[in-house]
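J.: Would you mind keeping the following structure in view while I ask a few things?
The values are calculated or read from the model by the stated rules, or taken from the named source; none is laboratory data. If you're wondering where the values come from, they're calculated on a predicted model, not measured in any experiment. All Cβ positions, even for glycine, are placed from backbone atoms using ideal geometry, and neighbour counts span all protein chains on display.
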Amino acid sequence: MPHPVRRSLTLTLADEAATGRLAAALAPLLRPGDVVALTGDLGAGKTVLARALIRTLTGDPDEEVPSPTFTLVQSYDSAAGTVWHFDLYRLSGADEMVELGWDESAAEGIALVEWPDRLGALLPAERLDIALEAAADEARRATLTGHGAWAGRLAALETLDPETGP
């Protein structure tokens, strides 16, 4: 049985500006139907990265991007398609995802998902995982793992220097 295609890349993000530069480099790679699974402890920077991605995709650096912790999902129009930002921390079961528009977001939009483990079997095999963890001071370490076609697309970020941008 062949192993699924997978590629990983680890970057150190010194501060919020470096997170923004990662978002700027990642945004042009996103397409309708993509799922970006954001993992990490509370306060690891999942919402910061999602916010930077949404602002880059909408082309509006001042876009109001509240955390969807209580609403569970927010959507935004962008040139790349509708961006769905899910925060599933408070989700009680994957069956609630239908009510949140998961089928539509997974088929036609770009889904940014915080706490993707709550998706269970709905989490697609082809996706981009971004695991965030605290490093020294305000720094974060971001490990990007591309599954399936994302493995090849992730190669575009291998020369990214988060200190200077794309």
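J.: Residue check, Pro116 against (1) farther than 25 Å from Ala135 by Cα; (2) in contact with a Leu (Cβ under 9 Å, 6 or more places away or on another chain); (3) crowded, with 20+ Cβ neighbours inside 10 Å, all met but one. Which one?
T.: All conditions pass for Pro116, except number (1).
J.: I'd like to check something: does region 4-15 contain any residue that is touching a Leu at 6+ places or on another chain (Cβ under 6 Å), closer than 22 Å to Glu108 by Cα and not charged (D, E, K, R)?
T.: no
J.: Listed residues Asp62, Asp34, Asp41; which is under 20 Å from Pro124 (Cβ atoms), charged (D, E, K, R) and out of contact with any helix residue (DSSP H, G or I) (no Cβ under 6 Å at 6 or more places or on another chain)?
T.: Asp34
J.: Can you say whether Ser75 is touching a strand residue (DSSP E or B) at 6+ places or on another chain (Cβ under 7 Å), small (Gly, Ala, Ser), in a strand (DSSP E or B) and surrounded by 15 or more Cβ atoms within 10 Å (Cβ to Cβ), as far as the supplied structure shows?
T.: Numbers: touching a strand residue (DSSP E or B) at 6+ places or on another chain (Cβ under 7 Å): yes; small (Gly, Ala, Ser): yes; in a strand (DSSP E or B): yes; surrounded by 15 or more Cβ atoms within 10 Å (Cβ to Cβ): yes.
Against the criterion (touching a strand residue (DSSP E or B) at 6+ places or on another chain (Cβ under 7 Å), small (Gly, Ala, Ser), in a strand (DSSP E or B) and surrounded by 15 or more Cβ atoms within 10 Å (Cβ to Cβ)), Ser75 qualifies.
J.: Collect the residues in region 38-54 that are touching a His at 6+ places or on another chain (Cβ under 9 Å) and either over 19 Å from Leu72 (Cβ atoms) or in contact (Cβ under 8 Å) with a residue 60 or more places away in the chain (or both), keeping them in residue-number order. If you could, list the steps in order and put the result at the bottom.
T.: Within region 38-54, the first condition is being touching a His at 6+ places or on another chain (Cβ under 9 Å), and the residues that meet it are 47, 50-51, 53-54.
The answer is Thr47, Ala50.
J.: Just to be sure I understand the filter: pairs with C-beta atoms under 8 Å, separated by 6 or more residues or on different chains, first member in region 125-151 and free of Cβ contacts under 8 Å to residues at least 12 places away in the same chain and part of a strand (DSSP E or B), second member surrounded by fewer than 21 Cβ atoms within 10 Å (Cβ to Cβ) and polar (S, T, N, Q). Which pairs pass?
T.: none
J.: For Glu104, work out the one condition from (1) free of Cβ contacts under 8 Å to residues at least 40 places away in the same chain; (2) surrounded by fewer than 16 Cβ atoms within 10 Å (Cβ to Cβ); (3) within 19 Å of Val48 (Cα to Cα) it doesn't fulfil.
T.: (3)
J.: Just checking, how many residues over region 28-65 are basic (Lys, Arg) and within 16 Å of Ser105 (Cα to Cα)? I'd like the intermediate steps shown before the answer.
T.: Filtering region 28-65 down to residues basic (Lys, Arg) leaves 31, 46, 51, 55.
Subset that is within 16 Å of Ser105 (Cα to Cα): 31.
Matching residues across region 28-65 total 1.
J.: Then there's this: Given the conditions (1) touching a Leu at 6+ places or on another chain (Cβ under 6 Å); (2) at pLDDT 90 or above, and given that Gly45 satisfies all but one, which numbered condition is not satisfied?
T.: (2)
J.: Among the residues of region 23-49, write down those that are touching a strand residue (DSSP E or B) at 6+ places or on another chain (Cβ under 6 Å) and closer than 19 Å to Arg153 by Cα.
T.: First, the residues of region 23-49 that are touching a strand residue (DSSP E or B) at 6+ places or on another chain (Cβ under 6 Å): 30, 34-40, 44-46.
Within region 23-49, Leu30, Asp34, Val35, Val36, Ala37, Leu38 meet the criteria.
J.: Sticking with this one: Of the conditions (1) surrounded by fewer than 15 Cβ atoms within 10 Å (Cβ to Cβ); (2) modelled with pLDDT under 85, Ala125 clears all except one; give me its number.
T.: (2)
J.: Is it the case, given these coordinates, that Arg31 is more than 26 Å from Ala134 (Cβ to Cβ), of a type in the set (D, E, K, R) and part of a loop (DSSP other than H, G, I, E, B)? Even if it seems obvious, please write down each step before you answer.
T.: Values: more than 26 Å from Ala134 (Cβ to Cβ): yes; of a type in the set (D, E, K, R): yes; part of a loop (DSSP other than H, G, I, E, B): yes.
Judged against the criteria, Arg31 is a match.
J.: Could you tell me which numbered condition Leu22 fails, if it satisfies all but one of (1) of a type in the set (A, V, I, L, M, F, W, C); (2) assigned to a loop (DSSP other than H, G, I, E, B); (3) in contact (Cβ under 8 Å) with a residue 60 or more places away in the chain; (4) out of contact with any Asp or Glu (no Cβ under 9 Å at 6 or more places or on another chain)?
T.: With respect to (1) of a type in the set (A, V, I, L, M, F, W, C); (2) assigned to a loop (DSSP other than H, G, I, E, B); (3) in contact (Cβ under 8 Å) with a residue 60 or more places away in the chain; (4) out of contact with any Asp or Glu (no Cβ under 9 Å at 6 or more places or on another chain), Leu22 is out only on (2).
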